[in-house]
Structures are given as structure tokens and as C-alpha cells.
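Just so you know, all these numbers are worked out from the coordinates, no wet-lab data involved. Keep in mind that this is a model prediction, so the values were computed, not measured. With ideal geometry, Cβ positions are generated from the backbone for all residues, glycine too; neighbour counts draw on all protein chains shown.
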Amino acid sequence: MAATTVVVQAGLKNREATDHHPDAPHVTTTYSPEAERAVRDAITAAGAKNVELLHEISTTGDAVHELKANDARLSSLADELKKQSKAAREAATLTQDQLAKYTSDKESFGKRWAYILVKQRKVLEEKIRQGEQVYLQALGAQQRAEARETQLLRDKNAIEAENVEVKEKVKRHGVAHAALDALYEELFDGPTPGFPDEDEREAAFKSTKKEHDGYVATFRATVRATKENNLVKSTIGRARAENNRARSALQNSFISGVDTALVFLERTARLIEQTLNVNLKIDEGLPRPLDTAFNDNHVAVAQHLIKARTALQEPLEVSYAYITNTQCNRVIQDVEDELKLASEAQAVLTKLLKHYEDDAIEIVKSTARSLEDARQGLAEIRQMAFEVIVGHGSAAPNYHECCDRAASFVQVAGDETARMPDPVIDDSGLPPPPSYEASIFKRRGAVKGANRRQARSGPPVPTA
């Protein structure tokens, strides 16, 4: 520490000192003795607060590790207690069974007379003796199992009681860290005249944070794309289900089969349209360039959905009254073929997005590590400034970081993505499932209208 202090002293006195972060950009600040003196005065004024916070961090630091150890022990105890409780219940059941058997052999008047009549009294007595031994063994096993369960429960309660105080210390520890961060930001954020090393470390930290935030945004984009792709999958499945219901309606109803099928096909068409809208957004925010396989399958999903939509347009929009059972069957089969191909392309996208998401979180973990290293380097040089200017060298051991924040940076990214809402399909505009009366009424109305339009040019359309 003494050698490091000498280097820092040289850096504070000489703005050309070279203790810079290797990745830090060069930072130039406007220097004046008055500005440097103001910074030094501010550091001096905050010296007592700095030592107070560092002491609080030092005295409560062990609680962080203690809480982690206690939580791990509680998790282990919970599993062990669950198994032991089951073993105790099974032992109690076995004991009750053995007691009932032993009591039956010993106290049954009928059994005793039966054994006496066949001159097997000694056999009965031996059976009773063995039954008693088996019962006592089962009772002993039950008592041991229950004693072990009681001990585990006692240990669990003791750790939970201890954790009350430990958690309070951890809370104080976090508050002290936050207060120290705020103090350093107030003193050193931005250009700090007379402290070129601190400025370059700060610039390096901010540059690393910007890079990390960019990769977090990429990770969020992959998670969003995965959610939207999952919605595409489920909606294609719903569209295929409605299409299959249309097929069943044709097969199972002679009178209103086409009418009922067309209502199901209307629902299919609406779902296809909404699926197309969701599919268009999947690649938004994903890092470029995307794999050829991703682009090809993303386009393939859209193309097959469009073909399915096109197959439905004529029977639904142009010739509702004229479509025959055979034509309707052909449309249903064409739609099913296209939706099946769209589903296959979507399955490839699912695998690719899983790969993208895994890669993105690994990069976030890597940049989180770099960000924490940069943060610790910045905190170290700021803490050294207090040692040099205020002269509290004896407090140096408290300056060592006790809480690595790399994992928390990753957790923040995970928490942010977890709060992302799941995309949904709006079903409010979806036609209701058909009823027999509605289908017949719609069919007859369409046929009558078609007959009126064709009265001058041809024979009427049959109603059945």
C-alpha cells in the first residue's frame, strides 16, 4: 500500500503521471490551481464521512457472506426436512400396523382357543413374542425418525432466527455502499481538476458501462423476439385448429356444413392476419447481420402465411354463396399445407433464437465482469485520493471491496427482461364460434341475395 500511495501522490502532484487504465480514452480537462484546491477542500471536508462509511462497510461485510451461507444451509435443511418428515410418517404408519398385528395375536380370544384346540399354544406364544419384538423395533425406528425430524426443525428455526439479525446487517451494509457511491459521485463525477488518473478511470468506466448497456439491450431484444416467436407459434397452432374445425364441420353436417366451415375459416383468416403482424416484428433490435438461416426462415413464415391468407380471400370475400363442399375442402387443405410449412419454418426460428439468447447472456456476463473491474478500479483511485489528501492511511484495509457486483449487473439485466410483458393476440375482433341457427340464416340470406343478382342471367342457386 505504501508503494501505491507514493504513485498516487505523484499523480496528484504531476498531471502527467501514468497510472491510467489501459483501455481508458485520453481525457483532457481545464486545469486551474483554484479548481484543484476546491476539489481538495471538498475531499478534506468529506474525510470523516468517508471513514465512517468505510468502517460501516468493514464491520458489516461478513454478514453478506454469512447470509449466503445461511441461505444455502436453509435450502439444504428444507430438502432434508422434507425427506425426514416423509420417513417419520412412514415409520409411524409401520409402527401402527405392527402394533395392530401384535395386539390382535395377543388379545384375540378366538385365536388363543384355536391354537389351544390344535395343541399349538407354544406356536402362538412364539408368534406373540416375535410380534412384540417387531413392534418394538418399529417403534424405535419411529422415535429415531421423529427425533431427527425435530432436530432438523430446531436447526432450521435457529438459522431463521439468526438471519433476522444478519439481514439487518446486510441492509446496513447495502445502505453504506450506496451512501459511499453517492459521496464519490458528488466529489468526483465529471472532470476533476488535478486528478487526471481519476478522470481517465472514470472515462474508462463510463465507456465500459455504455458497452455493457448495449449488450443488455441486445439481450432484451433476443428475449422479446423469443416471446413474439412463441406467440407466432401458438397463434399458428390456433389457426390450424380453427381450420381443422372447418374440416370437421364439412364432414359432420350435411345441411349447414359449408356455412359452419366458412365461419371457422373466417376465424382462421383473422388469426393468420394477426400472426403476420407479430411475425414482422420478430427481428427488430436483433444484432446485424443476422444468419442467412434466420432470414430465410423468417421470410418463409411470412410467405406461407400470406399464401394461406390468399387461399381464404376468394371463398370469404367474393363467392360466399356459391362455394361448394368440394371447393371448401380444397381451400381447407391448401390452408393446412401452408400453415404446416409456416410452422416448420417457425420451429427453425425457435432454435436459432435460443442460440442467439444464450450467446447474448454470455456476452452480458463477460461485459458485466469488465464493468465491475472498471468500477473497482475507479473506486480504488478515488479511495486513494482520500488517503493522500486526508491522511487516513490506517483506514486503508477498509478500502478493499467486499462485494463483487458483476453478478448483480447480470441479475439486473435478467430482472429487466423478466418484467417485459408477454405479447398477446387481441381476440376482440375474432368472429364468435358458429351456431347452427346462425349458419343457416347466413347461408339462406347469402343465397337469396345471389339469386336476386342472377335472376336476369341464369338459374337460381339451390338452397340445399
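Mind listing the phi-derived Karplus ³J(HN,Hα) values for segment 207-216, rounded to whole Hz, using 6.51, -1.76 and 1.60 with θ = phi - 60°, and x for any glycine or proline?
Rounded to whole hertz, the list is 5, 5, 5, 4, 5, 4, 4, x, 6, 5.
Can you bin segment 138-245 into rounded, prolate or oblate? Criterion: square roots of the alpha carbon gyration tensor eigenvalues sorted a ≥ b ≥ c, rounded for a/c under 1.5, prolate for a/b above b/c, oblate for the rest. Working shown, then result.
On the way: a/c = 4.53, a/b = 1.14, b/c = 3.97.
Verdict is oblate for segment 138-245.
Based on a Kirkwood Rh over C-alpha pairs, give the Stokes-Einstein translational diffusion coefficient of segment 221-331 at 20 °C and viscosity 1.002 mPa s in µm²/s.
On the way: Rh = 15.2 Å.
For these conditions, the coefficient is 141 µm²/s.
May I have the pair-distance distribution P(r) for segment 199-433, computed from all Cα-Cα distances with 5 Å bins from 0 and rounded to whole percent?
1, 6, 12, 12, 11, 9, 8, 7, 6, 5, 5, 4, 3, 3, 2, 2, 1, 1, 0, 0
Can you pull a Stokes-Einstein diffusion coefficient for segment 282-376 at 37 °C (0.692 mPa s), Rh from Kirkwood over Cα pairs, as a whole number of µm²/s? Don't skip to the end; give the middle numbers.
Values: Rh = 16.5 Å.
Once the numbers are plugged in, D ends up at 199 µm²/s.
Label A42 and C403 with points 7 Å out from Cα along Cα→Cβ: what is the distance between them in nm?
2.4
Rounded to the nearest Å, what's the spacing between the alpha carbon centres of segment 61-105 and segment 220-241? Just the number, please.
44
Identify the trypsin sites (Lys or Arg not before Pro) of segment 61-93 meeting these criteria: DSSP loop state and at most 14 other C-beta atoms within 10 Å of the C-beta.
Values: sites: K68, R73, K82, K83, K86, R89; in loops: none.
Answer by residue number: there is no such site.
Would you mind getting me the FRET efficiency between E317 and A418? Use the beta-carbon distance for r and R0 = 56 Å, nearest 0.05.
Details: r = 43 Å, r/R0 = 0.77.
FRET efficiency, E317 to A418: 0.85.
Suppose each label sits 7 Å from its Cα in the direction of the beta carbon; what would the T103-Q133 distance come out to in nanometres?
2.3
Please list 3J(HN,Hα) in residue order for segment 164-171, calculated via the Karplus relation 6.51 cos²θ - 1.76 cosθ + 1.60 where θ = phi - 60°; whole Hz, with x for glycine and proline.
In residue order, the calculated couplings are 4, 6, 4, 5, 5, 5, 4, 4 Hz.
Exactly which chymotrypsin sites (Phe, Trp or Tyr not before Pro) in segment 268-332 are in a DSSP loop and have at most 12 other Cβ atoms within 10 Å?
Numbers: sites: F294, Y320, Y322; in loops: Y320, Y322.
Answer in residue order: no site qualifies.
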